[in-house]
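The values are calculated or read from the model by the stated rules, or taken from the named source; none is laboratory data. Being a predicted model, the structure only gives us computed values, none of them experimental. FYI the Cβ positions are ideal-geometry reconstructions off the backbone, even for glycines, and counts take in every protein chain you see. Note: areas computed on protein heavy atoms with side chains; ligands, DNA, RNA excluded. Shrake-Rupley method; radii C 1.70, N 1.55, O 1.52, S 1.80 Å.
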Amino acid sequence: MLIGIITGFTAALVNTAGYLFNARFLLYYKSPVRLLILTSLVMMAISLPFMLIFFPFSALPSLWYYFAETILACVLFLIGQGAFFGALKFFEASRLSSLLGLKIVVLSTIFILCGGSLNLVQIIAVLMAASAALIFNWSGAGKTSVKGWLLLSVTLCCYSMVDFCETDLVIKVHECTQWSKFHSALVVVPVIYTFLGLLTLPLVGFYRPDKDQLSKVLPCAGLWLISQVALLCCFAFLQPVFGNVILATRGIFSVLAGFLLPYLGLSALDSKIPLRLWVRRIAAALLMLGAIAVYSFGSVK
């Protein structure tokens with residue numbers, strides 16, 4: 001369990017650092033779709049050689065089935081991203097970000113429907129983590145619509161199924177090769193992002209990336225790949241539900257990043273936040289830590 005918790009915290013920390021570079025890119029180019037397409041392109045360029053050299057093609061009994069599941073995960077991710085971008089038309093960005101905390105509830109529901117089980121203590125921890133994520137950036141009542149909530153539901157369901165698919169991909173390699181779960185995650189991530197890059201490759205022509213764009217997106221891609229290795233290792237050890245409870249600590253790291261940005265001369269990457277919201281975010285961060293402690297306690301046999 002300890003390795004899973006450490007890799008989960010690592011994923012949350014690296015993920016937060018990546019968001020800072022994402023924000024810097026968006027300051028220049030204002031297009032999250034461009035960021036997604038170009039990041040996928042760069043990640044494919046990094047991942048393809050690693051996949052060809054290190055992936056255990058001969059160890060898997062059904063390689064085509066494995067690649068089909070990989071493609072399914074990538075398609076679900078793209079559908080989720082599309083629904084997320086669509087939902088931005090109906091929710092404020094900060095409000096939508098907080099609503100993504102409901103993913104933990106969706107993950108738990110899918111986990112139980114697929115035959116898994118959570119005890120009462122773990123369910124309480126899931127609700128604590130979801131509540132912390134909701135209040136972290138909640139901006140109060142705003143405009144809502146049925147279409148917006150439907151798009152949010154698609155986003156949450158797709159993101160949740162991607163987590164389960166990716167975890168299964170790591171476990172399959174682990175069982176077929178007897179490699180460690182970390183080693184398995186290390187070789188699975190390049191496969192996933194090679195296929196994701198191939199799926200988005202036809203869209204690159206619409207954005208005509210230049211050297212400056214690619215140089216700005218390179219750290220985004222690199223940090224995302226590192227965070228995904230840590231995250232999939234975490235999922236393999238702890239399963240996606242507990243992994244996402246830990247991943248919710250991104251909120252804690254973003255609080256720290258928010259404090260540090262002005263001192264690093266990067267205040268333009270974040271808007272000014274009133275003291276009232278800072279207090280609420282700190283309270284949410286403490287609630288997230290409590291959720292991890294409660295879930296860990298509930299996992300002890």
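Cβ contacts < 7 Å: first residue at negative phi, restricted to the range 45-57; second residue surrounded by fewer than 17 Cβ atoms within 10 Å (Cβ to Cβ), any location; separation 6+ or different chain. Result? Partner pairs satisfying both residue conditions: Pro56/Thr177; Phe57/Leu63.
If I filter the range 77-91 down to residues being open to solvent by 20 Å² or more (accessible area, probe 1.4 Å) and among the hydrophobic types (A, V, I, L, M, F, W, C), which single residue comes out as modelled with the lowest pLDDT? Among those residues, the one meeting the criterion is Leu88.
When you scan the range 212-226, do you find a residue that is of a type in the set (Asp, Glu) and not in a loop (DSSP other than H, G, I, E, B), even just one? Within the range 212-226, one or more residues are of a type in the set (Asp, Glu) and not in a loop (DSSP other than H, G, I, E, B). Considering each residue of the range 55-65 in turn, none proves to be in a helix (DSSP H, G or I), touching a helix residue (DSSP H, G or I) at 6+ places or on another chain (Cβ under 7 Å), surrounded by 13 or more Cβ atoms within 10 Å (Cβ to Cβ) and at pLDDT 95 or above. So which residues in the range 207-236 are touching a residue at least 24 places away in the same chain (Cβ under 8 Å) and more than 17 Å from the chain's Cα centre (by Cα)? Result: Tyr207, Pro209, Gln213, Leu214, Lys216, Val217, Leu218. Candidates Val146, Val105, Val188: the one that is open to solvent by less than 10 Å² (accessible area, probe 1.4 Å) and either hydrophobic (A, V, I, L, M, F, W, C) or at pLDDT below 95 (or both) is Val188. Among the residues of the range 207-215, is any acidic (Asp, Glu) and open to solvent by 60 Å² or more (accessible area, probe 1.4 Å)? Yes, the conditions are met somewhere in the range 207-215. Only residues that are open to solvent by less than 10 Å² (accessible area, probe 1.4 Å), in contact with a Gly (Cβ under 6 Å, 6 or more places away or on another chain) and under 14 Å from Ser296 (Cα atoms) were counted in the range 216-246, giving 3.
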